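What follows is a set of notes on a single structure, which appears directly below.
The values are calculated or read from the model by the stated rules, or taken from the named source; none is laboratory data. What you are looking at is a predicted structure, and each value in this text was computed from that prediction instead of being measured. Virtual Cβ from ideal backbone geometry, glycine too; neighbours counted across all protein chains shown.
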Amino acid sequence: MPQSGLAFCMAAICILAAGAAHSMDKPSPKCQQMGSELFENFVASQLHLLSDGSVFAGEGEGDTQAVFAKVPQKAQRLVEQTIREGKGWAAFGIKTNTENRLEVQVLYLLEDGDACVAIQEKPEQISTIYLPEAVSRSLLLYFRQPTYGDEVELRSRIQAFLTKTNENRPTSTAPRTLKGAKPRRIDAREYVRKWQETFPEPMLESLVRLQDVCNARNDGSKIELANNFVTSSDIDRDGDEDWIANGYGVLCSGPDGRRRVLAGDDNGATVWITTSDKGVPGPMAELRFSTGDTIWQYEGFVVVDSKMGIYPLKGGVVGNPLKSLPSGGKILFSLSRG
């Protein structure tokens, strides 16, 4: 090995001397190949260095990468030099983790002449709040999701997409049952019939889907609805009783007695809204809310004020986004785990 080379190994990978600078528009062919082999929806973002030595990807300095703090002291200067020369990249993609959940993962790559090496042994999860704007937009485009809005909207939308998708995925790719227990299939449609006098058909269909998710392991798990699942109110002031259902109130009870929230997590939950006309329930809106998102009441309609935007809702139909909240409304509902 030449004396001028990067003579260290990290994460079982040795980094050699960096060669001539490659195009700063995209990674070298070897790094592109490595990223495409790791992720079906691989997106690359160039790494940059701040004066304090912290590393970020994309255009925003808020995306600092803690993994570089683990670089051995003797190698930090050489890694920093590689990044300054425009040969450091963050390879982002969405993969399934060991619990069969989709998550955003990242692997940091450094160009080394005609080769490409990684900082970590394998990709690791990264929060969507650290995604560069262009990366969020590319990942949303891959899943055919809307790509308008600023970086905050894009990050919120991709998090909402992942959360919604994971609600419908079994928690493990391999069925598991309790020791000594027999597998137990449950007819979800038959099980939710006990709520048919309470909810309209569209809500029952959602509960059927959630029950199938809850009992994906065929272990007899059943959904339960907490007391705060439904808020009944005349939300559009037309004299008919309407209701809002909070996803934090959908619980999955397993054979071990443990219960878990099924339609929500730390980032937000599914919310169902139904308005009635002369006692007959109308179309149901099923929306993804972030914690703190609100529903405002007006005469004849409501408005959803969310991190995704401000949207009017009338008769279960979501309208075009508004620039600001109309005057004269009052908060009817705010999403909270409590």
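Structure summary
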quantity: Residue selected from region 189-242 under the condition among the small types (Gly, Ala, Ser) and over 22 Å from Gly300 (Cβ atoms), by the criterion surrounded by the fewest Cβ atoms within 10 Å (Cβ to Cβ); calculated: Ala226
quantity: Output for region 254-285, where each listed residue is under 17 Å from Glu153 (Cα atoms) and not in a strand (DSSP E or B); calculated: Asn267
quantity: Arg288 being in contact with a helix residue (DSSP H, G or I) (Cβ under 9 Å, 6 or more places away or on another chain) and part of a loop (DSSP other than H, G, I, E, B); calculated: no
quantity: Residues located in region 122-137, provided they are in contact with a helix residue (DSSP H, G or I) (Cβ under 8 Å, 6 or more places away or on another chain) and over 14 Å from Ala44 (Cα atoms); calculated: Glu124, Thr128, Ile129
quantity: Near pairs, Cβ below 9 angstrom, 6+ apart or cross-chain, from region 108-128 (assigned by TED's automatic domain parsing to the domain that holds Lys26 and surrounded by 15 or more Cβ atoms within 10 Å (Cβ to Cβ)) to any residue that is among the small types (Gly, Ala, Ser) and assigned to a helix (DSSP H, G or I); calculated: Leu109/Gly35; Cys116/Gly35; Thr128/Ser136; Thr128/Ser156
quantity: Subset of region 115-132 [assigned to a loop (DSSP other than H, G, I, E, B) and closer than 14 Å to Ile94 by Cα]; calculated: Lys122, Pro123, Ile126, Ser127, Leu131
quantity: The lone exception for Ile235 - which of (1) in a loop (DSSP other than H, G, I, E, B); (2) modelled with pLDDT of 85 or more it fails; calculated: (2)
quantity: Failed condition for Arg260, given (1) at pLDDT below 80; (2) in the same structural domain as Lys330 (by TED's automatic domain parsing); (3) charged (D, E, K, R); calculated: (1)
quantity: Residue in region 244-261 that is touching a residue at least 60 places away in the same chain (Cβ under 8 Å), of a type in the set (Asp, Glu) and more than 29 Å from Glu99 (Cα to Cα) present; calculated: no
quantity: Every residue from region 295-324 that is among the β-branched types (Val, Ile, Thr) and crowded, with 19+ Cβ neighbours inside 10 Å; calculated: Ile295, Val302, Val303, Val304
quantity: Restricting region 271-292 to residues that are at pLDDT 85 or above and farther than 22 Å from Arg209 by Cβ, the residue that is surrounded by the most Cβ atoms within 10 Å (Cβ to Cβ); calculated: Thr291
quantity: Close pairs (7 angstrom Cβ cut-off, 6 or more residues apart or separate chains): part of a loop (DSSP other than H, G, I, E, B) in region 318-329, of a type in the set (Phe, Trp, Tyr) anywhere; calculated: Gly319/Tyr311; Pro321/Tyr311; Leu325/Trp296; Pro326/Tyr298; Gly328/Tyr298; Gly329/Trp296; Gly329/Tyr298
quantity: Unique residue being out of contact with any Ser or Thr (no Cβ under 8 Å at 6 or more places or on another chain) and more than 21 Å from Gly149 (Cβ to Cβ) when the list is Ile273, Ile331; calculated: Ile273
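A quick yes/no check of all residues on (1) at pLDDT below 60; (2) more than 27 Å from Asn166 (Cβ to Cβ); (3) exposed (fewer than 13 other Cβ atoms within 10 Å of the Cβ); (4) out of contact with any helix residue (DSSP H, G or I) (no Cβ under 6 Å at 6 or more places or on another chain):
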| residue | (1), (2), (3), (4) |
| --- | --- |
| His22 | yes, yes, no, yes |
| Asp25 | no, yes, yes, yes |
| Ser45 | no, no, no, no |
| Gly62 | yes, no, yes, yes |
| Val67 | yes, no, no, yes |
| Val71 | no, yes, no, no |
| Glu85 | no, yes, no, yes |
| Ala91 | no, no, no, no |
